[in-house]
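Have a look at the structure below before the remarks.
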Amino acid sequence: MTLLGLAARNVLRNKVRATLTVLGVAISVLTFVLLRTVVGAWTAAADFAVKDRVVTRHKVTFVMTLPRRYVDDVRNAPHIRAATWANWFGGKDPKHESEFFATLAGDSKTFFTVYDDMKVDKETLERFQQDPQGAIVGDVLAKKMGWKAGDKVLLASSIYAKEGDWEFRIAGTYTATQKSVDRSTFVFHWTYLNDGVSIPGLKDQVGWIVSRVDDPSQAATIGVTLDKLFDDKEVQTLSQDERSFNSSFLASVSAILTAFDIISVVILAIMALLLGNTIAMGVRERTTEYGVLKAIGFRNGHIVLFIVGESTFVGLLGGLVGVLASYPIVERGLGRFLEENMGAFFPFFRINPLAALFAFVLALMLGATAAAIPALTASRLRPIEALRRVA
Amino acid sequence: MMIPLRYNLRSLAVRKTTTFATAFGIALVVFVLASALMLSAGVRKTMRTSGHPDVAIVMRKGSDNELSSTVESASINVIAAAPGAKASTPDLPSSSPELVIVAAIEKLGASGVTNVQLRGVPEHGMRFRPEMRIIAGRAPAPGQDEVMIGARLRGRFRGLDLGQSFEIRKNRQARVVGVFEAGGTSHDSEVWMDLDLLRTSFSRQGYVSSVRVRLSSPAAFDAFRAAIEGEKRFGFMALREAEFYEKQSEGTSIFISAIGSIVSVFFAIGAMIGAMITMYGAVANRQREIGTLRAIGFSRRAILLSFLLESTSLALIGGAVGVAGAMAMGFVKISMMNFQSWSEMVFTFDPTPQVILTAFTFAASMGLLGGFLPAIRAARTSPVEAMRGG
Amino acid sequence: MTAAETKAETKAESKAEAAEVLISVRGVVKTYERGGETLRVLDGLDLDVKKGAFEALMGPSGSGKSTLLNLIAGLDRPTAGTITVGGKRIDELGESALAKWRGDTIGFVFQSFNLLPVLTALENVTLPLLLTRVAAKEREARATTALRIVGLEDRLHHYPRQLSGGQEQRVAIARAIVNDPALIVADEPTGDLDRKSAEDVLSLLERLNKQLGKTIVMVTHDPAAAERASIVRRLDKGQLQ
């Protein structure tokens, strides 16, 4: 038997209380992991950005377009291996208004070459390129909407108005080579969009240009060179490596990210209060025992170690249960649901093992610190006072 | 016969540390829930106050928001003259064609850019909204590269404050010459400028995003809509302004309440467990007292009720602290993305009576549920306990 | 006590009187503040306890007998005066040094036994040895021996709640002797026990004194218990009578 063994036994003394506390800590850890996973899912796009891709957009705004001929200027610039473009179509299935998925009008020849993390097999790509109204959709979206190759699909656009709906034929699906890629995007021919646009101002316009560069370490400099090309033209551009481009969107969810950070701290506070309360109650009930231990020669440090050990043990159990429970709940249950049904927002809803480890370590550390006040109080009691406090 | 509540309140006061730890845990949960609900109510309030009952908004059919809508200039006069529209007076113009674009502007205190809504209005755009007034500086002069900003934008974005400027296109700095207030509406989070300035800056000559029309009366809307939407050639739709803004707030408001509620439920389980631990402890420490109460004739039901009241009081103390904390959020304005308009808007926390009632109900339920099992144990205490030592 | 024994004792005493004194209390004053009032519990008390003695302290409630015991055992400190145990001035020791000293020197027996309920008899007895450098195997061997001495070798793995009051107190005595202390202090060791168990415990203390030569100081208000001691001292109003 050791001192820590004795601490562990004291934990199990009041089984109801110990179980409840472990459960409370476990739920806090689970919630913490869940929140960090949500934050991680949002920042995943930036974390998993492809290093050799540069995105060129309108200098002042995301919503305005660039002239189509800019693409050729980009292609002819040095260090550019390939370039493609796409427009945000704002498409919706009129029969399923509430289903949100991204719809892009892209260049059929180059789109999947530049976005090679969206994997399309050769036959599908050929079928797509030969059909002017063809579309390739993410496998997750196809499954959710029940679309199969050859199906006719009607979409309405919130931007490109038209008499009636836009009509497409599904050529096939793409899969992802990386977990962070949205598998719910709908891609179709830009030429189909351009030919169908009725508003003159929207004709021969592209939403953004994406290029692959030969030297990823020079991506930022290459971006600056690209922008110089258009400095004197009618529309100026801003070119960024994909990581900067993706993370520039994070400012718009910064309020939510901040809120989640605050809530994460609140969880930790609740966990500390729970642990502190349990330990304080146990210490108060066992004051006499600490008196005995001190009488027979245990020093203040021993008593502190003893109580902190007890609390750390509860933190350990709670952390372990919480982390173990979070994997099936977050990844199997909620994660799968979100990836399948809200893939456009959460393409990659997985626990970051570091976050799980962090939660576990926090539970341990909070266990240790929550015991600090009761432990100090108990250790400072003089043995005769402690002995006198017979319940 | 009931055990006086004073007995429970004093018991709570005696166990200071435990009472504090438990109540504070509940306070944190209630704070999170109440804050989320207040913010959600704040979003709805901002949008609700933005809509006038007697104003209709005409946009391209199928558009989610003004941003994605395009209306050709040629149609403006036809729309303004549709049946149901009010006749214009110099003081109160009857229609306002406006262009809306979002600019990616650096958000201070966060890394990266976010969309700020730019609104180009005709010369009488401000008179169209009688609630608007300038609180600092002056209105932008026509023909100059000048803008004014909503009061809520001040100090949150690079270049968006009185006397500062931001690049609207190459070598054209738009200078902020005025700050306006629009009664807590969504306009308070917008940058306003002359319609032509915005059009030329973004090569949008010949288009606007929407046309607002003042109706002769709110009841005239149906006739107006029939006229606008009946003309299939246009492909426009007409909405009551109130209805439009309602839709603009829906996504964000629901999102905030949903996240807040989900998080609070998880938290509440934790806090409830805290209350349960505390109440079990209280019951265990007071076996002799409870035995004595039973011995002198209080019924099991009275003991059960007494302990339920104790845990509910404990939770309500926490609830009060939590609500008070959330009320303090009333001084905070929060800038966030409004999903529907795809632009950054500044919202306040709106402490509606309903939110406060919900928060207290939530706290009381935590106390009741957490105290239930311990109260049953207390009620089962035998009067013999009174005779036992220590 | 036989005449021969008394004679031998007297002889030894005269041979090396100073060396034989284990506890020396000189001019000890102990006051407490209670409700703004100063209580003078011990008032200039002198006391010598010889090595190998079995002394009983008696006196009415509030006479200061427990306070005196606490002072001798190093649980409390005097307001004035000196306490020397085994040649060491314990009134001068710091908090932590005092704790270590207690662990090395004193064995405690309490009225309400004060065993840790989560530990078995054997583990309770092992407890003081955790403070020493004794190896785990050796700790268990010593604790088993101590329990054999108190006659509980068949109760090693019982928990306190599975033992009778008398057995619990014997486990507590085993705990008190396991690290071979110079002095055993007992505060009303029979106070919570029935007659028969009390007799057993007193016989055990007597045996520890006679056979193992342990010095014992015991506070009691039970005349039957005091009878077993070799010297009985009476306290009243903070002074030895």
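The values are calculated or read from the model by the stated rules, or taken from the named source; none is laboratory data. Everything quoted here is computed from the prediction, not taken from an experiment. FYI the Cβ positions are ideal-geometry reconstructions off the backbone, even for glycines, and counts take in every protein chain you see. For the accessible areas, the whole protein counts, side chains as well, though only heavy atoms, and no ligand, DNA or RNA atoms are used. Shrake-Rupley method; radii C 1.70, N 1.55, O 1.52, S 1.80 Å.
When A:THR225, A:THR221 are checked against the criterion of being open to solvent by 40 Å² or more (accessible area, probe 1.4 Å) and touching a residue at least 24 places away in the same chain (Cβ under 8 Å), A:THR225 stands alone in meeting it. The residues of the stretch B:203-218 that are at pLDDT below 90 and of a type outside the set (Gly, Ala, Ser), listed by number, are B:ARG204, B:GLN205, B:TYR207.
Of the residues contained in the stretch B:197-214, one or more are found to be aromatic (Phe, Trp, Tyr), outside the structural domain of B:VAL30 (by TED's automatic domain parsing) and more than 31 Å from the chain's Cα centre (by Cα).
Total residues in the stretch B:111-128 satisfying the condition of being surrounded by 20 or more Cβ atoms within 10 Å (Cβ to Cβ) and under 25 Å from the mean Cα position of the chain (by Cα): the figure is 7. Counting only helices (runs of 4 or more DSSP H) wholly contained in the stretch B:1-107, the ones carrying 2 or more residues that are within 14 Å of another protein chain (Cβ to nearest Cβ) and over 26 Å from A:LEU275 (Cα atoms) occupy B:16-50, B:73-80.
The single condition among (1) outside any loop (DSSP other than H, G, I, E, B); (2) open to solvent by 10 Å² or more (accessible area, probe 1.4 Å); (3) at pLDDT below 90 that A:SER239 does not satisfy is (3). Restricting the search to helices (runs of 4 or more DSSP H) fully inside the stretch A:89-174 and requiring at least 1 residues that are open to solvent by 10 Å² or more (accessible area, probe 1.4 Å) and under 25 Å from B:ASN65 (Cβ atoms) gives A:139-145. B:PHE24: open to solvent by 60 Å² or more (accessible area, probe 1.4 Å) and at pLDDT 90 or above, yes or no? The answer is yes for B:PHE24. Only one of the listed residues (A:VAL71, A:VAL33) is touching a residue at least 24 places away in the same chain (Cβ under 8 Å), hydrophobic (A, V, I, L, M, F, W, C), within 13 Å of chain B (Cβ to nearest Cβ) and open to solvent by less than 20 Å² (accessible area, probe 1.4 Å). That residue is A:VAL33. For the stretch B:210-225, the criterion of being touching a Ser or Thr at 6+ places or on another chain (Cβ under 9 Å) and within 14 Å of chain A (Cβ to nearest Cβ) is satisfied by at least one residue.
Identify all residues within the stretch C:151-166 that are without any contact (Cβ under 8 Å) to a residue 40 or more places away in the chain and of a type outside the set (D, E, K, R); write none if there are none. Passing the criteria: C:LEU152, C:LEU156, C:HIS157, C:HIS158, C:GLN162, C:SER164, C:GLY166.
Filtered by the rule that a residue be open to solvent by less than 10 Å² (accessible area, probe 1.4 Å) and touching a residue at least 24 places away in the same chain (Cβ under 8 Å), the stretch A:291-305 gives A:GLY291, A:VAL292, A:LYS294, A:ALA295, A:ILE303. Hey, does the stretch A:285-296 have a residue that's touching a Ser or Thr at 6+ places or on another chain (Cβ under 7 Å) and either within 30 Å of A:ARG69 (Cβ to Cβ) or assigned by TED's automatic domain parsing to the domain that holds A:ALA375 (or both)? No, the conditions are met nowhere in the stretch A:285-296.
Of all residues in the stretch B:195-215, those satisfying the criterion of being surrounded by fewer than 17 Cβ atoms within 10 Å (Cβ to Cβ) and farther than 19 Å from B:MET126 by Cα are B:THR200, B:SER203, B:GLN205, B:GLY206. Of all residues in the stretch B:25-52, those satisfying the criterion of being of a type in the set (A, V, I, L, M, F, W, C) and more than 16 Å from B:PHE255 (Cβ to Cβ) are B:ILE26, B:ALA27, B:LEU28, B:VAL29, B:VAL30, B:PHE31, B:ALA34. Just one of the listed residues (A:VAL11, A:VAL22) is within 14 Å of chain B (Cβ to nearest Cβ), under 30 Å from B:GLY25 (Cα atoms), over 25 Å from the mean Cα position of the chain (by Cα) and open to solvent by 20 Å² or more (accessible area, probe 1.4 Å), namely A:VAL22.
Only a single item in (1) in a helix (DSSP H, G or I); (2) at the interface with chain B (Cβ under 10 Å from one of its Cβ atoms); (3) under 17 Å from A:SER211 (Cα atoms) is not met by A:ARG57, and it is number (1).
Determine whether C:LEU202 is open to solvent by less than 10 Å² (accessible area, probe 1.4 Å) and without any contact (Cβ under 8 Å) to a residue 60 or more places away in the chain. Yes: the conditions hold for C:LEU202. When the residues of the stretch A:264-283 are filtered to those that are more than 8 Å from every other protein chain (Cβ to nearest Cβ) and touching a residue at least 12 places away in the same chain (Cβ under 8 Å), the one that is farthest from C:ILE90 (Cα to Cα) is A:SER264. Residues of the stretch C:79-112 that are assigned to a loop (DSSP other than H, G, I, E, B), within 25 Å of C:GLY191 (Cβ to Cβ) and of a type outside the set (A, V, I, L, M, F, W, C): C:GLN111, C:SER112. C:LEU115 - would you say it is surrounded by 21 or more Cβ atoms within 10 Å (Cβ to Cβ) and closer than 19 Å to A:ARG299 by Cα? Spelling it out, C:LEU115 is indeed surrounded by 21 or more Cβ atoms within 10 Å (Cβ to Cβ) and closer than 19 Å to A:ARG299 by Cα. The C-beta contact set for the stretch B:109-128 (first residue away from chain A (no Cβ under 14 Å), second residue open to solvent by 30 Å² or more (accessible area, probe 1.4 Å) and of a type in the set (Lys, Arg), distance under 9 angstrom, 6+ apart or interchain) comprises B:MET126/B:ARG133. Based on what the data block shows, is A:THR312 open to solvent by 50 Å² or more (accessible area, probe 1.4 Å) and over 30 Å from B:SER261 (Cα atoms)? So A:THR312 fails the test. Selection of helices (runs of 4 or more DSSP H) fully inside the stretch A:287-391 by the criterion of at least 2 residues being of a type outside the set (A, V, I, L, M) and within 14 Å of chain C (Cβ to nearest Cβ) returns A:287-295, A:300-326, A:372-380, A:383-388. Condition first: closer than 19 Å to C:GLU188 by Cα, without any contact (Cβ under 8 Å) to a residue 60 or more places away in the chain and under 16 Å from the mean Cα position of the chain (by Cα). Can you find one or more residues in the stretch C:126-140 that meet it? So far as the stretch C:126-140 goes, no, none of its residues is closer than 19 Å to C:GLU188 by Cα, without any contact (Cβ under 8 Å) to a residue 60 or more places away in the chain and under 16 Å from the mean Cα position of the chain (by Cα).
Hey, any hits in the stretch C:89-97 for a residue that's among the aliphatic types (A, V, I, L, M), within 14 Å of another protein chain (Cβ to nearest Cβ) and crowded, with 21+ Cβ neighbours inside 10 Å? Looking through the stretch C:89-97, at least one residue is among the aliphatic types (A, V, I, L, M), within 14 Å of another protein chain (Cβ to nearest Cβ) and crowded, with 21+ Cβ neighbours inside 10 Å. Considering only residues that are farther than 19 Å from B:LEU12 by Cβ and within 13 Å of chain A (Cβ to nearest Cβ), which ones fall in the stretch B:264-320? Correct list: B:SER264, B:VAL265, B:PHE266, B:PHE267, B:ALA268, B:ILE269, B:GLY270.
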